[in-house]
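Asker: One structure is given below, represented as structure tokens, and several questions about it will come after.
The values are calculated or read from the model by the stated rules, or taken from the named source; none is laboratory data. The shown structure was predicted, so the numbers you read here are calculated from the model rather than taken from an experiment. Here Cβ is always computed from backbone atoms with ideal geometry, including for glycine, and neighbour counts include all displayed protein chains.
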Amino acid sequence: MRESMEIYPGTAAERAMKLQEVLLRATSGKIKWWQAAELIGISERQMRRWRKRLEEQGPQGLLDGRRRKPSSRRVAKAQAEEVLSLYRDKYFDLNVRHFHEKLGEEHQIRLSYTWVKQALQAAGLVKRKARRGVHRERRPLPGMMLHIDGSDHQWFQDERRHDLIVILDDATSEIYYAQLAEEETTATVMAGLRAVIERKGLFCSLYSDRGAHFWRTPKSGGKVDYERPTQVGRAMKELGVQMIPSYSPQARGRSERNFSTWQGRLPQELRLREIRTLEGANKFLNEHYVAEFNRRFQVPAAQRGTAFISCRHRNLGMIFTQRFERTVDRDNTVSFYNVIMQLERAEWRPTLAGCKVIIHQHLDQTLTLMIAGHRVGHYSAEGKLLTPLTKKQIKEVEKALGGKVQKQTFPLNLQIPQTTRDSHFPTASSTTS
């Protein structure tokens, strides 16, 4: 018995010895067979089987007969070596889940995820990870809350760094928008939000960090100022979308975990496809990767239906603009960041000098000038007039101004305040003095 136990682990040998001791006590009549079954923790029927094996085979029959036989599901040595070789030579920077998918898709190797993970860990190719904690409950319907965030990373695995801007749904983790940009800015964020609204409709709320293009924070690390919205905040307010600020990375854990998945997959996919340019990467995201990502990681919503609503009657082209206030100069021009735009001469008055004008900077960098809610010019980024005013538009401006300069209700919540050099009229302080 002791010689045969040498090939068994210590726990198995110890169990067999305890089992033998209890059976011998029952055989000698010191305890009942049902008591022996309770001591071992098995049923009386199983005890009868053990008793029969002891009588027919002796103590040797108490050992596990499977120990000397290889498993029928055992992975062949050659296939195991192939898996480890593929990871070392080609897929060295993929996580275990990503590598397991590639084995089935690219190499037709069908193995369980657990076996692949344990094999890579045993070979020292990947590290063991701690278990994840409990996560916040999701919103029940798509469109109730969207997450928006940007991740600065070396997506092309070289010295270049870019921001990946992602918009995802809290209820399902479905990716609605994902694009690489040189930098996360007000314009790139607005472009993503407009694309989602045009495709899906208006949503209820937007969850974001406290970046400067989302919120104003008077004190660093402090609470946001709800009374002074940014350009993005103003656009969301016009659309009736509630903005929710995040005060820690842990609070926006869903988007943080999402970016961890992106960083563990997208750079490797770009490397395997030899994509090295921003344009090529965004084309790959739009045409292939986002759909594949959603297929793997999207989850069903808790309830049927959707919280998205139609937005067909809203002028998104004017809502998703950056707005700045200026004053028409004496020569009937408007200056904007070293760009001078000449306003068209009006028939009802020789000049618009002194009028307050709101400049709408579109996502394509063109500029629309508005006075009293009416358009007075559409210009290129270089200041060239693109679309002359029609007679109807001229009459609308004339009617709004009444042929004279009217006091405006501006400024709105704009990011660049008016300066004194923007107007040739005397200020209130100089008049009183």
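Asker: Scan the range 240-285 for residues that are in contact with a strand residue (DSSP E or B) (Cβ under 8 Å, 6 or more places away or on another chain), part of a helix (DSSP H, G or I) and of a type in the set (S, T, N, Q) and jot them down.
Answerer: Hits for the range 240-285 are 255, 258, 263, 282.
Asker: Kindly list the number of the only condition in (1) of a type outside the set (Asp, Glu); (2) touching a Lys or Arg at 6+ places or on another chain (Cβ under 8 Å); (3) modelled with pLDDT under 80 that fails for residue 31.
Answerer: Status for residue 31: all satisfied but (3).
Asker: Count, please, the residues in the range 91-116 that happen to be charged (D, E, K, R), within 26 Å of the chain's Cα centre (by Cα) and part of a helix (DSSP H, G or I).
Answerer: The qualifying residues number 4.
Asker: Are there any pairs, at least 6 apart or on different chains, whose C-beta atoms fall under 8 Å, with the first in the range 351-364 and at pLDDT below 95 and hydroxyl-bearing (Ser, Thr, Tyr) and the second assigned to a loop (DSSP other than H, G, I, E, B) and surrounded by 21 or more Cβ atoms within 10 Å (Cβ to Cβ), and if so, which?
Answerer: Pairs found: 351/328.
Asker: With respect to residue 344, is the statement that it is over 33 Å from the mean Cα position of the chain (by Cα), in a loop (DSSP other than H, G, I, E, B), modelled with pLDDT of 90 or more and over 30 Å from residue 146 (Cα atoms) true?
Answerer: no
Asker: Here's something else I'd like to know. Take the conditions surrounded by 14 or more Cβ atoms within 10 Å (Cβ to Cβ), among the small types (Gly, Ala, Ser) and under 24 Å from residue 301 (Cβ atoms) and apply them to residue 143. Does it pass?
Answerer: Judged against the criteria, residue 143 is a match.
Asker: Among the residues of the range 217-228, is there at least one that is crowded, with 19+ Cβ neighbours inside 10 Å, in contact (Cβ under 8 Å) with a residue 40 or more places away in the chain and in the same structural domain as residue 170 (by TED's automatic domain parsing)?
Answerer: no
Asker: Kindly evaluate residue 197 against the criterion of being surrounded by 15 or more Cβ atoms within 10 Å (Cβ to Cβ), out of contact with any strand residue (DSSP E or B) (no Cβ under 9 Å at 6 or more places or on another chain), among the β-branched types (Val, Ile, Thr) and under 19 Å from residue 153 (Cβ atoms).
Answerer: Taking the combined requirement at face value, the residue does not satisfy it.
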